[in-house]
Amino acid sequence: MITRMLGCSVKELEAAAEIIKSGGVVGIPTETVYGLAANAFDAEAVRKIFAAKGRPADNPLIVHISSLSMINDIASYVPPLVGDLAKRFWPGPLTMIMPKSEKIPLVTSGGLDTVGIRFPSHPVAMRLIGLCGVPLAAPSANLSGSPSPTSAKRVFDDMNGRIPAIVDGGESDVGVESTVIAFEGDGVRILRPGGITREMLLEVCPSVTVDSGVLNEISPDAVARSPGMKYKHYAPKAEVRIIRGSLEAYREYVAKNAQDGDCCLLFSESEAVGGVPYICYGKSSKEQAHGLFEALRVLDERGAKRVFARCPETDGVGLAVYNRILRAAGFCIIDSEVQE
Ligand code: TXA
Ligand code: MG
């Protein structure tokens, strides 16, 4: 299969919509990361997404909408908080889990009786969903286990020959995937942190719980609330270590331990340790979210063997950055302050 790169002209978006309407899969831009989209109601089409990614069948897909009325065909029950959350955060990087309707095939929901729904804010994503006239199931457009792609080129790197087309809508703005929430009691539980932060959700919800799987490893046999959390994720080929502690302690740790083939993953150039190669991905949590996945891919291209990463903040969107880097590191954290 030859993978076509499409731009955002009306003609090209119509061509992409034609592929989706006839049961195919297309790489599409969203404000979080690129997605692999197919008709969420078409089990055969959705199976092609799982095949293209090499994704385990029990990991459910998020269903994307371009108008609130589409929810009624996807969910069998809409929790009362959805209205306020949608008003405040949609279109945007928030996925809400609800009981699924009969119309959503079990393939789409990974065998669950619930479905994650998201209204993306990327204008191209919105236009495409509108042109298709059906909600689109779309996981991140990476091969299963690789960092999510934040540009059409990175989708091509993973999906060339596996899908018929990719729509190039520029770089993804947020850079990490959407916040996934489930409804619980009078509030919500964050299953995956993202661009809509805990602090922002608290403006609308009486209570917000961060699921223990966000910061802790889930054993592969455990029943995860969000199946995606139990899989190794975002992993570059390099062995990543998160070095927790002050900048001084970080520098000392790297100076003592660095060998040929090692690379530092820094927030800014000023943190570099003499002679050790480095990549910077941003000073603020927002910049870090935007740049993390691309940085992980560049580390692989450079053939880094071991990566010493500075430890992100855990407030605001920093929690999403920390959650992703923890998985990239296979939960390997080193406390540099207590090293001799
Ligand atoms: O920003 C995003 O959410 C991107 C773009 C393309 O929209 N999509 C994305 O999809 O990240 P994916 O499939 O890579 O991640 C979806 C996550 C997985 O961890 C999955 O287990 C969880 O959401 N999820 C989806 N439906 C769920 C459900 N019904 N119950 C629990 N977790 C669910
Ligand atoms: Mg993904």
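The values are calculated or read from the model by the stated rules, or taken from the named source; none is laboratory data. Keep in mind it's a predicted model, so treat the numbers as computed, not measured. So basically every Cβ, Gly included, is an ideal-geometry build from the backbone, and we count neighbours across all protein chains shown. We work out accessible area using only protein heavy atoms, side chains counted, and drop any ligands, DNA or RNA first. Shrake-Rupley method; radii C 1.70, N 1.55, O 1.52, S 1.80 Å.
Normalised by the residues of segment 239-338, what does the relative contact order come to in percent, with Cα pairs under 8 Å and at least six apart? Rounded, it is 43 percent for segment 239-338.
Computed on protein heavy atoms with a 1.4 Å probe, the accessible areas place TYR77, TYR234 in the order TYR77, TYR234, largest first.
Shape descriptor for the chain: Rg over Rh equals 0.98 (Cα atoms; Rh from the Kirkwood inverse mean 1/r). In this structure VAL208 has an accessible area near 20 Å², from a 1.4 Å probe over the protein heavy atoms.
Keeping all protein chains in place, calculate the accessible area per residue for segment 239-338 (probe 1.4 angstrom), answer in Å².
Numbers: 4300 Å² over 100 residues.
For segment 239-338, the per-residue accessible area is 43 Å².
With both residues required to sit in segment 142-246, DSSP beta bridges show an antiparallel share near 60%. If only the Cβ of Lys and Arg carry +1 and only the Cβ of Asp and Glu carry -1, the dipole of segment 153-206 around its Cα centre is close to 220 debye. Angle check, please: helix 285-301 long axis (alpha carbons) against the longest principal axis of the chain (alpha carbons), in degrees 0 to 90, nearest 10. For helix 285-301, the angle is close to 80 degrees. The candidates ARG327, ARG225, arranged from most to least accessible area with a 1.4 Å probe in the full protein assembly, appear as ARG225, ARG327.
Considering only GLY145, VAL208, GLY282, and ranking their Cα positions along the charge dipole of the chain that arises from unit charges at the beta-carbon of Lys, Arg, Asp and Glu, the one farthest toward the positive end is GLY145.
Solvent-accessible surface of protein heavy atoms, probed at 1.4 angstrom with all chains present, puts LYS53, LYS100 in the order LYS100, LYS53, largest first.
Cα centroids of segment 92-117 and segment 118-191: 15 Å apart.
The distance from the alpha carbon centre of segment 19-75 to that of segment 249-268 is 40 Å, rounded to a whole number.
Among the DSSP beta bridges whose two residues both lie in segment 4-181, what percent are antiparallel, rounded to the nearest 5?
55
Evaluated at q = 0.12, 0.16, 0.17 Å⁻¹, the base-10 log of the normalised Debye intensity for segment 218-340, with identical point scatterers placed on the Cα atoms, takes the values -0.42, -0.75, -0.84. Relative contact order, whole percent, for the chain stands at 19, derived from Cα pairs under 8 Å and 6 or more residues apart. Taking amide H atoms as placed 1.01 Å from N in the peptide plane, the amide H of THR30 lies under 5 Å from those of GLY35, each 5 or more residues away in sequence or on another chain.
Per-residue surface analysis assigns GLU239 an accessible area of about 90 Å², computed on protein heavy atoms at 1.4 Å probe radius. Dipole of the chain computed with +1 at Lys/Arg Cβ and -1 at Asp/Glu Cβ about the Cα centre; of THR3, TYR322, PRO312, farthest Cα towards the positive end is THR3. Roughly what % antiparallel, to the nearest 5, for the DSSP beta bridges in the chain? Antiparallel bridges: around 40 percent, rounded to the nearest 5.
Counting only alpha carbon atoms, the long axis of helix 247-257 and the longest principal axis of the chain meet at about 70°. This model, with +1 at the C-beta of Lys and Arg and -1 at the C-beta of Asp and Glu, gives segment 239-338 a dipole about its Cα centre of some 220 debye.
Each Lys and Arg contributes +1 and each Asp and Glu -1, all at the Cβ; summed about the Cα centre of the chain, the dipole is approximately 680 debye.
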